[in-house]
Amino acid sequence: MEKTVEDPPTSAVLLDHCHFSQVIFNSVEKFYIPGGDVTCHYTFTQHFIPRRKDWIGIFRVGWKTTREYYTFMWVNLPIDLNNKSAKQQEVQFKAYYLPKDDEYYQFCYVDQDGVVRGASIPFQFRPENEEDILVVTTQGEVEEIEQHNKELCKENQELKDSCVSLQKQNSDMQAELQKKQEELETLRSINKKLELKVKEQEDYWETELLQLKEQNQKMSSENEKMGIRVDQLQAQLSTQEKEMEKLVQGDQDKTEQLEHLKKENDHLFLSLTEQRKDQKKLEQRVEEMKQNETTAMKKQQELMDENFDLSRRLSENKMICNVLQREKERLEGENDVSKKVLPQAHSPSRNAPSAKQMILVITPWSNSRCRPFV
């Protein structure tokens, strides 16, 4: 078996699964003389489309798969398949590569998938012999031969009719198979597209999963940082609460405000997104408390100044009272002495009031000194 440099595409497809009606071989001789080139004529049917790797092989009759070729030739692709002349093609087999025995062979058209699309009638490679020479016989022998030929022609016609019927069945089956193959090709194309889409979707999901993992890691890191920040804020808030408690120890209103701030601070930890807003409110309230504290301190200072002034006035009044008391005691002593010296004078002078008639009038909110009231 001779082969070229590049082997043709073949397959292990059995003979029963081949399609012999899509390429038709024309002008096939019963035998070819050895030592000469052989030209193979073939025609494409209407629905058959040749491809680049299609080839024509010479097979020994009885072959089972396309791997059993003896020799082959690549087919020539026509430029325009719609042209009628393009459907009639030929290839030439060189004598060097042809079989040398007298077995029966046939041409087979094989596509690039290794499937047979057409097969010729069997032929031989042998020289002319005496059987091909005209032999003169008697009339009886001629009649016998004619009768035998008639019987052979009848059998041949029956075989042709059977072959036509089989070819028609085969053509119908080939058309149905071609339709099924087209549907299969369509399904394969759809399946391939779906597989590509699934692959793209899987790649997209894998990318999304990686991004989600990275985002999850970032969120975990940020959550840890936020937890540390929350602890720091809690410590700061605890310190601020202690300072606030010191500021509002003597003031019930300030204590209520502080409790309100504590509730707002507790609410602050429930939502980190509202932290800045609540912190700003807290700062505003602290500022108000500072202002209130400043106002309270001013009021306290005023009360202390007023208390100091009252204490000073009280001290002055006490001094006046002491002076008046001493004056009273002096006058009472003089009165007792005058009674002893002047027993006749039982009543005091009208112009000199007694100590009992002197009343101290103290006005705490006035700036006037104490004076006796008669």
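The values are calculated or read from the model by the stated rules, or taken from the named source; none is laboratory data. Here the structure is a predicted model, which is why all the values come from computation and not from measurement. All Cβ positions, glycine included, derive from the backbone under ideal geometry; neighbour counts span all protein chains shown. Protein only, heavy atoms only, side chains kept; ligands, DNA and RNA dropped before computing areas. Shrake-Rupley method; radii C 1.70, N 1.55, O 1.52, S 1.80 Å.
Here are the numbers:
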quantity	calculated
Unique residue being open to solvent by 80 Å² or more (accessible area, probe 1.4 Å) and at pLDDT 85 or above when the list is 176, 103	103
Of the criteria (1) farther than 30 Å from residue 296 by Cβ; (2) loosely packed, with under 10 Cβ neighbours inside 10 Å, which one residue 196 fails	(2)
Number of positions in region 275-304 that are closer than 14 Å to residue 261 by Cα, of a type in the set (Asp, Glu) and more than 49 Å from the chain's Cα centre (by Cα)	2
Close pairs from region 46-66: first closer than 16 Å to residue 102 by Cα, partner of a type in the set (A, V, I, L, M, F, W, C), Cβ under 6 Å, at least 6 apart	59/108
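Condition check ((1) open to solvent by less than 90 Å² (accessible area, probe 1.4 Å); (2) aliphatic (A, V, I, L, M); (3) modelled with pLDDT under 80) across all residues:
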{"site": "235", "(1), (2), (3)": "yes, yes, no"}
{"site": "256", "(1), (2), (3)": "no, no, no"}
{"site": "276", "(1), (2), (3)": "no, no, yes"}
{"site": "281", "(1), (2), (3)": "no, no, no"}
